[in-house]
Structure formats: C-alpha cells, structure tokens
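As structure tokens, the structure follows; a few thoughts come after it.
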Amino acid sequence: MAEKEEYVLGSKVLDRFLGDDKFPVKWKDEDEKKLLWWYDDLHVPRPVSPMYADFCGWWDGEPPMSRCCEYMYRRFWAPFGTQWPGKIVNSYVFTTVVPRDPEEAKRAGPYYNMIMPVYAANFLKWWQERYLPEVENNLAYLDRYPYDKTSLEELLWLLEEAFDIFERHWKLHWILNLAQFQAFLQFKAVYQQVFGKMDEDEVGRILISIKDKNWETIEGIWKLKERVKANRALRKIFEEPKEKTGGTILEDLERSEGGKTLLRDLKKYLDRYGHKSIFAHELIYPTWREYPVPAIELIRTYLAMDYDYPKDVKRCKDGRDKAVKGMVSRVQKAEDKRKLEEAVNLALRMAPLTPDHHFYFDQGTHARVRRVFQEIGKRLKDRGIINDPEDIFYLKYNEMREIASNPKAFDAKAKVSARRKENEDAAKLTLVDWVGTATQWAVYEEPYKQGLWGFPEKLDRRKKAVRGAKELKGLGGSPGVVQGTARVVRSPDEFDQVQPGDIMVCRLTNPAWINVFPKIKGLVTDAGGILAHPAIVSREFGIPCVVGTSVATEVIKTGDTIKVDGTKGIVELIAK
C-alpha cells in the first residue's frame with residue numbers, strides 16, 4: 001500500500017530533520033518544526049557572536065532586533081513570503097521564510113507584478129539622486145564623530161543612532177535588491193521569449209559589472225603596487241626576503257621615508273575602501289582599516305605576479321560586449337531586437353548595484369556599527385567590567401545596557417568567558433545544511449534560497465557526498481573548464497599562501513575576498529548558489545566556478561590536482 005502523502009502549510013512534505021545526537025535542535029514550538037530552516041553559510045558561516053545575533057542580524061528577529069525582511073515583504077506585497085526569521089542552532093544561524101497564505105498570495109501577485117517594473121525602471125535615478133547621498137551622509141556622520149571625547153553615556157545614545165542608520169540602510173538594501181532582481185528577471189524573460197530557451201552560460205557572460213566598488217577596490221591596490229614597482233627601495237622591502245610576513249613589511253615601511261609616504265597613501269585608500277572584514281555580517285572581525293596587513297600582503301602579491309588591472313578590465317569588458325553582440329546578432333525581428341536591447345541595457349546598468357550595495361550596506365554599515373561598539377567596549381574595560389573591548393560582542397544588547405548602568409548586576413567577565421568557550425566548541429561541530437521540514441514550496445518555489453543557497457540540490461547533497469569520492473557535484477557558477485592545483489583557503493589571512501594559477505577551494509567568498517580573484521584560475525565553494533558572491537565575481541573575472549558543493553573543503557586538500565567544470569557544476573579529483 002502506497003504511503004500517504006503528508007502536507008504542511010499547504011505544501012507536500014519531502015523530508016524532515018528535527019535534530020539528532022550529533023546535531024541537536026531545540027525547538028520553541030511545533031510551528032517552528034513545520035518550516036525549512038537552512039544554514040546561513042552565505043552570510044554567517046561561523047559561530048555567531050551573541051551581540052550580532054541579538055542586535056544586528058540581517059534576518060527578522062525578536063526585539064530589539066530589526067525586522068527589515070518583514071518590511072521587504074510588506075512593502076512589495078511579495079507573494080512569496082511574509083517574514084524571514086532566524087534561529088540560532090548550536091551557535092549557528094539558520095533562517096527560514098514564512099509562506100504567505102495561498103489565498104492572499106493570489107491577491108498579492110497582481111500588485112507585485114504591477115509595481116516591480118516601476119522599481120526596475122526608476123531605481124537607478126532614485127539611488128543616485130536620493131538614496132546614495134543619504135547613505136553616504138549617514139556613514140560620514142559616524143566616521144566624523146569625536147569618539148575620543150565622548151562619554152560612555154553619550155556613546156550609548158550614539159549606538160541607538162547607529163542602529164537607526166542600520167535599519168534604514170537594510171530597508172534600502174531590500175528596495176535595491178528587489179529592483180535589481182526585477183531588472184534581471186525582465187531581461188531573462190525577454191531572452192526566453194525571443195530565443196525560446198535559456199542559455200545560462202551566455203546570460204552569465206552578459207550579466208556582469210565592469211565599473212563598480214569591487215573594481216575600484218582592486219584598482220586602488222594595483223595603483224599602490226605600481227608605485228612600489230617603480231621604486232627600487234620599496235621593491236626591496238616587499239621582495240626581500242621572500243619569507244617576510246606582511247607584518248614585517250609594515251614595520252620596515254614605517255622605518256623608511258618612502259615607506260611612510262606609501263603608508264600615508266595606503267591609509268587614504270583604507271579610509272575609503274578598508275571598511276571590510278573577513279565576514280561582513282558580523283561584528284567581531286577587525287576591518288582592514290583597523291588592521292592593514294591584508295592590504296600589504298595584496299600589494300606584495302600583485303607585485304609578484306605583476307598584476308595588470310587595465311588588462312583585466314579590458315578582458316572583462318570585451319568578453320561581455322562580445323556576448324551581447326553575439327546575442328543581438330541572432331535576433332531576426334526588429335521588434336524583438338528592440339525589446340532585447342532595452343532589457344539587457346537596463347540589466348547592465350543595474351549590475352553594479354550588487355557590489356556597490358555590499359560596499360555601502362553589508363561592509364560599510366556593519367563596520368561603522370562595530371566602531372561604536374568598540375568605543376563602548378573601551379569604556380567598559382576602563383571601568384573594569386570586561387577584560388578587552390572586543391568582549392562586548394559576547395554580551396547581548398540589554399546585558400550591555402544593564403552592566404553599563406549597574407556594574408555589579410552580574411559577572412560580565414564570566415559570562416563572556418563562557419560564551420567564547422561555547423563558540424569555540426561550536427566551531428568543531430559537523431554542520432547540517434538544514435533542519436525542520438522540507439516542503440515542495442520551501443525547496444522548489446521560494447526564490448531566494450534557490451539562487452543564493454543552492455537549493456534544491458542541497459536537500460540531499462551531504463547524504464551523497466562520500467569522503468574519498470572522485471567527483472563532487474555542485475552548481476555551475478561560472479562557465480568553463482580548468483585543471484590545476486587546489487588551494488584550500490579558510491580566511492583572508494591565508495591569501496598570501498595562494499599562488500598565481502591556483503584553484504581556490506573555500507567555504508564561501510564575500511566582498512572582502514575580491515582582491516584574491518586576480519590570482520586564481522578557478523574557484524570551488526562549499527556554499528552559495530548561482531546568484532551568490534563567488535559565482536557573480538567569477539563570471540566577472542572569467543574563471544570557471546562551481547558553488548554549493550557542501551563538502552569541498554572537507555574532501556579536497558591543498559596540493560590536490562582537480563578539474564573544475566563550471567558549466568556542468570562538477571569538480572573532479574584527478575590526483576592527491
């Protein structure tokens with residue numbers, strides 16, 4: 001007798017995982033179990049700090065946390081959800097989308113479809129004339145604040161101002177995100193209509209950006225590298241001996257007149273482009289502006305490979321223009337050509353918004369909020385409440401406010417120590433891709449997790465991945481095939497170990513990783529989907545990329561010879 005199909009929230013149940021001895025899950029209620037909660041390896045791949053989870057998480061949380069995702073679903077009356085809650089499981093962030101009632105979704109659909117083209121058509125004007133000036137003014141306000149002269153009491157007030165800015169920027173993030181999403185969807189829809197089928201490889205070669213904050217960031221390091229290249233004394237500091245660390249180079253530059261001049265220019269660069277850390281969606285990681293050694297390492301790397309920025313930009317532009325020209329040349333009807341050109345031109349104008357919103361929101365806004373917390377942390381340390389200013393991130397929001405106003409309220413040092421230990425223990429866990437109930441809607445119909453988190457493939461990816469396997473299956477993030485030496489990279493601290501021509505294997509990339517891309521000829525990630533950062537940037541640099549393998553960093557070792565097929569989404573292990 002056939003097993004009876006089960007439905008939850010109006011959708012067929014495909015699978016369920018409610019936790020086990022190796023990965024226990026504490027459920028708040030039965031309703032939580034009905035949702036598909038997936039591991040947010042895209043934004044917060046490491047154990048999350050209590051302060052970020054309590055105060056700054058990007059998902060919808062309980063007060064005092066923002067509910068900016070709920071704002072997004074409300075503003076656009078999006079038929080594909082009502083909220084995007086988060087859940088901390090064993091110190092890791094899992095998120096879910098709450099589906100909209102099917103009857104309401106039917107009513108919301110026509111409005112959503114009516115209003116979204118307006119956002120796509122007008123957002124660039126709104127961004128340039130209204131939103132971007134507001135964002136830059138907010139960030140400048142926090143940058144110019146006289147922190148050294150500010151009391152603890154005033155800093156606590158400033159934190160509330162910073163949080164208001166954070167919320168506003170995340171609301172703008174969603175307006176930008178959906179406007180750009182719509183422009184890309186419109187182009188793909190016209191493409192499908194004109195040609196009858198979708199060529200994802202061609203579309204991927206077209207939808208890239210060649211003038212944005214990512215490219216500006218790379219150009220700045222390249223210009224500093226050119227300065228070093230042209231100066232014999234500076235070259236010697238960077239090149240001799242080869243075993244010299246970035247920290248040692250920094251010390252040598254500080255003892256040289258030419259080096260001091262270079263460092264002054266590096267500081268100007270970092271004041272603009274250094275508001276980024278290993279993982280943007282956190283508060284605990286130092287920014288490049290605080291710790292410039294990664295920038296020093298990149299200058300040395302670009303010098304060693306004699307990186308040619310203009311050549312890279314030209315290659316990218318020529319490849320994109322060739323793809324656009326080839327696409328348009330195949331169109332027979334004049335009206336089809338007009339519609340296709342209009343759609344692709346709008347999509348290309350919107351393409352820079354992906355790296356630019358990372359620069360202003362994901363990196364820039366988090367970095368400024370971190371600065372305010374650091375200053376509060378310094379005051380708490382001075383009062384003997386915590387041992388280190390960075391300890392503040394292991395308190396929660398109201399705990400910080402309580403201990404600031406009543407230093408004897410609880411033992412903050414003990415609480416911080418216990419939570420650091422919890423995160424250290426959590427880092428040793430073997431993670432799962434999702435918990436809860438996987439339904440047809442959650443896996444195949446809810447749009448965000450498919451493009452960004454690699455579903456539906458992730459539904460059973462880990463079950464199929466076998467240690468010692470000769471082939472890993474992921475998603476084709478950027479087309480092409482390349483074979484070479486694998487380099488497993490855990491964080492930007494290891495960028496100096498990446499050799500020109502390596503195939504980088506990592507958990508995920510984010511905008512802080514952009515400067516390593518000129519060094520590599522291929523990329524493989526555990527996490528992400530075809531619209532995630534590693535896939536987008538790989539397409540811009542023209543390197544084959546496979547994303548969402550779930551286990552690449554576990555199976556592949558540095559030095560292995562691997563073959564990456566970014567078209568089919570397959571990684572082959574050739575030799576160990």
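Any read-out appearing in this document is the output of simple, stated calculations on the displayed coordinates, not a laboratory observation. Worth saying up front: this structure is predicted, and the values here are computed from it rather than measured. Heads up, the Cβs are rebuilt from the backbone with ideal geometry, glycines too, and the neighbour counts pull from every protein chain shown.
Things to note:
- For segment 18-168, the spread of Cα positions along each principal axis, largest first, Å: 51, 46, 23
- Put in order of Cβ neighbour count within 10 Å, fewest first, the listed residues LYS171, LYS276, LYS87, LYS408 become LYS408, LYS171, LYS87, LYS276.
- From least to most packed, judged by other beta carbons within 10 angstrom and beginning with the fewest, THR365, THR287 follow the order THR287, THR365.
- Computed FRET value (nearest 0.05) for ARG255 with ALA409, which takes r as the C-beta separation and R₀ as 41 Å: 0.30
- 26 Å Cα-Cα threshold exceeded, pairs from LYS311/LYS568; LYS125/LYS211; LYS149/LYS268: LYS311/LYS568
- For the chain, radius of gyration divided by Kirkwood radius, i.e. Rg to Rh on alpha-carbons: 0.96
- Debye-sum result for segment 171-383 in log10 I(q)/I(0), which assumes one identical scatterer on each alpha carbon, at q = 0.09, 0.11, 0.13, 0.15 Å⁻¹: -0.52, -0.71, -0.88, -1.02
- Each residue in TRP37, TRP434 was given a count of other beta-carbon atoms within 10 angstrom of its own, and listing them fewest first yields TRP434, TRP37.
- Residues in segment 231-264 reached by a label modelled at ASP306 [backbone nitrogen below 20 Å; 7 Å Cα→Cβ]: 231-240, 242
- A straight line joining the Cα centroids of segment 337-371 and segment 38-59 runs 23 Å.
- Length-normalised contact order for segment 460-575 - Cα pairs under 8 Å, 6+ apart - percent: 39 percent
- Restricting segment 202-262 to trypsin sites (Lys or Arg not before Pro) that sit in a DSSP loop and have at most 14 other Cβ atoms within 10 Å of their own Cβ leaves LYS211, LYS242, ARG255.
- Note on GLU134/ASP318: beta-carbon distance plugged into 1/(1 + (r/R0)^6) with R0 of 35 Å gives a FRET efficiency of 0.45.
- Over the chain, dividing the summed -39,500 (n - 2.57) contributions of all DSSP H runs of at least 4 residues by the number of residues returns a 222 nm mean residue ellipticity of -15000 deg cm²/dmol.
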